Every structure is written in structure tokens, then in C-alpha cells.
Amino acid sequence: MISRRDYLKLSAMAGLVLSAGPKALLAAEGGQLQLITRAIPGKTEELPVVGLGSSASFARIAGEGNIADIQTLLETLAGNPNSVFDTAPSYGAAEEVAASIARQTGLNKKLFWATKVNVAGRGGSNADPIAAREQLDRSIERLGKSPIDLIQVHNLGDVPTQLGLLREYRDAGRIRHIGVTTTFPDQYGQLERIMQEEELDFIGVDYAIDHRVMEDRIFPLAQERGIGVLAYQPFGRSRLWQKVKGHTVPDWAAEYDIASWGQFFLKFVVSHQAVTSATPATSNVRNLVDNLGAATGRLPDAEGRRRMIAHIESL
């Protein structure tokens, strides 16, 4: 059991990180907290296990035209090179605004850029190939990076048509990796079938300490098939924040270099070996830096994960 003194020391270090950025975390404590990365299955390329999503509040500030804050977020994220930035054309102005900033600042070359395609709607089966091509071309042109790192079929929209287009673009050298996403339970069975039948580089799914259904079939299948996993909604949108409201992080969490609830939730998610990177969305740079702290130090082992689950379920 780590002492209260050591826990307070770790908490103070987290304060340093929030004021100075992610590089300070790597240098803190004599460099003992190293950046955690994970290889894309079947590749030598590694990604930091915590990135940034652009839905929710990020999309809101993009819609408000808040260029300065979005640039600060992207620059902070790029402090850990090759970090995943996950976006989609359907996230309001998020993709358009972020891509424009990334292109103009050169951050497009420093980030692992993941976006999506879907002109068929959630689970739709009538994607217009011309419209899908136009959406793909627009996403690539906005970023000014070719090949773009990853494009996935969003919400399993007409997978035969749209995944076929992604393969074509990958074969033409315009996309490096392709995949599919869903965060809807009624699509999990379809996702499993697609993973078994198609050659995918990535999937994007919802996964959190209180939503672990992916551990039953999807994650083992991803590991068997060599598919990378982007973990969405690691905070259960706002569900987990409501769960821990009024509670402090337990002292023993410092055994895993955890100094905040955000890090608690994220370290649980990324400690599953199937997860390549988690991409929580935020519009607040302090929250982003705190989240990035979960990509450093120690991760919980199997016993630690059980302890974390039991603690959340006890609240």
C-alpha cells in the first residue's frame, strides 16, 4: 500500500503537469514516468495509449469558431508525437476546423489523424458511392496529408459499399489504415460478423470501466484477427462523472500513478491489452493534459483492474 505522503506527492506532480503540459510529466520524478505506447497490430508503429476525441464539447467550440483553444488542444496533444486525434464529418465543425488548423500549423504531420466516412446514416444500407467519395476527398483535402492515417466506416453505415471504397483509397495510397466503428449495442453482433469476414486494420468501440461487454467477444476477436482498437467514451460520456461526484480518488490508486478520476477511468481502459488507444473528447486543455497523464507510469494488472471495478461498483 502506497503511503498518504507518496499519494500527495503524486497529486502535486499532477498539478505541475496541468500547468506545464505533458512534457513536464515525462520529466517529473527524474523521468520515472515514461510514455506508454502500444503497437498497431502487425506493425512496428506505436501510438500513445491516450489521444483526443472531437465530439461533444470539442465539436461545440469548433462550431463557435474558437480557433485559439482548438489550436492549443492540438499542440498539447502533439507534445506526445503520433497521438491519435479522432474526428468525423458528422461532428459538427470539428473535422473542418481542426483539420484547417492542423494543416496551417504543420500539426497534421505530427498527429495520427483518424476520421470517418458515412453518407448512409447509422447502419444504413443505401450509401451513394459518389457522395461517399466526395466526403472522403473532402476529409483528405482538408487535412492536407496524404496518405491520411485512418478512415473508418462510421456507425456501420452500408459497410459493403463504404468499406469497399476505403480499400480502394488504401490501395491507391491515399489512406494508410481502414476500419469500422460503432457505439450502439444493437450493432455489436453485426460488428463481430464484419470483424470475422473482413480484413480490418482498426475498429472503434465504446468501452469503460462500467461498460465492459467488449471484453466478452469483441476484444478477443480483435486480438485474434490482429485488429487495432480505438476506445471511445472511456468516461461513459458523463455517466462515470456522475457516479463519482462527491467522492475522492482512493489512496491506493497512486500505486498505478493515478492522481485523478479521469486517469482512473482511462488507466482501466488502456490496461486492456486489446486497446490500442483511448480517445476521450474534451474542449478543456487542463482536462486534456490530465487525461494524457494516464499514458504514463504504471498500469493496473488483472488484480488491480478487479479492485478498480469493485471500487466503482461500491459507490
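The values are calculated or read from the model by the stated rules, or taken from the named source; none is laboratory data. Computed from a prediction, not measured in an experiment: that's the story for all the values here. Neighbour counts run over all protein chains shown; Cβ positions are idealised from the backbone, glycine included.
Within the bounds of the range 89-103, is there any residue that is surrounded by fewer than 23 Cβ atoms within 10 Å (Cβ to Cβ) and under 18 Å from Ala231 (Cβ atoms)?
Checked the range 89-103: no residue is surrounded by fewer than 23 Cβ atoms within 10 Å (Cβ to Cβ) and under 18 Å from Ala231 (Cβ atoms).
Would you be able to tell me the number of residues in the range 97-149 that are β-branched (Val, Ile, Thr) and either under 17 Å from Thr279 (Cβ atoms) or without any contact (Cβ under 8 Å) to a residue 24 or more places away in the chain (or both)?
Total meeting the criteria: 3.
Among the residues of the range 152-165, is there at least one that is surrounded by fewer than 22 Cβ atoms within 10 Å (Cβ to Cβ) and farther than 24 Å from Ile194 by Cα?
Checked the range 152-165: no residue is surrounded by fewer than 22 Cβ atoms within 10 Å (Cβ to Cβ) and farther than 24 Å from Ile194 by Cα.
Is there a residue being crowded, with 18+ Cβ neighbours inside 10 Å, in contact with a helix residue (DSSP H, G or I) (Cβ under 9 Å, 6 or more places away or on another chain) and within 21 Å of Thr183 (Cα to Cα) anywhere in the range 292-306?
Within the range 292-306 (the criterion being crowded, with 18+ Cβ neighbours inside 10 Å, in contact with a helix residue (DSSP H, G or I) (Cβ under 9 Å, 6 or more places away or on another chain) and within 21 Å of Thr183 (Cα to Cα)), the answer is no, since none of the residues qualifies.
Mind listing whichever residues of the range 20-58 are buried (at least 23 other Cβ atoms within 10 Å of the Cβ), part of a helix (DSSP H, G or I) and modelled with pLDDT of 95 or more? Give the derivation first.
First, the residues of the range 20-58 that are buried (at least 23 other Cβ atoms within 10 Å of the Cβ): 22, 25, 47-54, 58.
Now restrict to residues that are part of a helix (DSSP H, G or I): 22, 25, 58.
Within the range 20-58, just Phe58 meets the criteria.
Quick one: is Phe219 in contact with a Pro (Cβ under 8 Å, 6 or more places away or on another chain), buried (at least 17 other Cβ atoms within 10 Å of the Cβ), hydrophobic (A, V, I, L, M, F, W, C) and in contact (Cβ under 8 Å) with a residue 24 or more places away in the chain? Reasoning before the result, please.
Working: in contact with a Pro (Cβ under 8 Å, 6 or more places away or on another chain): no; buried (at least 17 other Cβ atoms within 10 Å of the Cβ): yes; hydrophobic (A, V, I, L, M, F, W, C): yes; in contact (Cβ under 8 Å) with a residue 24 or more places away in the chain: yes.
No: the conditions fail for Phe219.
Being assigned to a loop (DSSP other than H, G, I, E, B), in contact (Cβ under 8 Å) with a residue 24 or more places away in the chain, touching an Asp or Glu at 6+ places or on another chain (Cβ under 6 Å) and within 26 Å of Val289 (Cα to Cα) is true for just one of Pro81, Pro89. Which residue is that?
Pro89
Restricting to the range 166-177, name every residue that is among the aliphatic types (A, V, I, L, M) and surrounded by fewer than 23 Cβ atoms within 10 Å (Cβ to Cβ). Step through it out loud before you land on a result.
The first filter runs over the range 166-177 and keeps only residues among the aliphatic types (A, V, I, L, M), leaving 166, 172, 175.
Correct list: Ala172 only.
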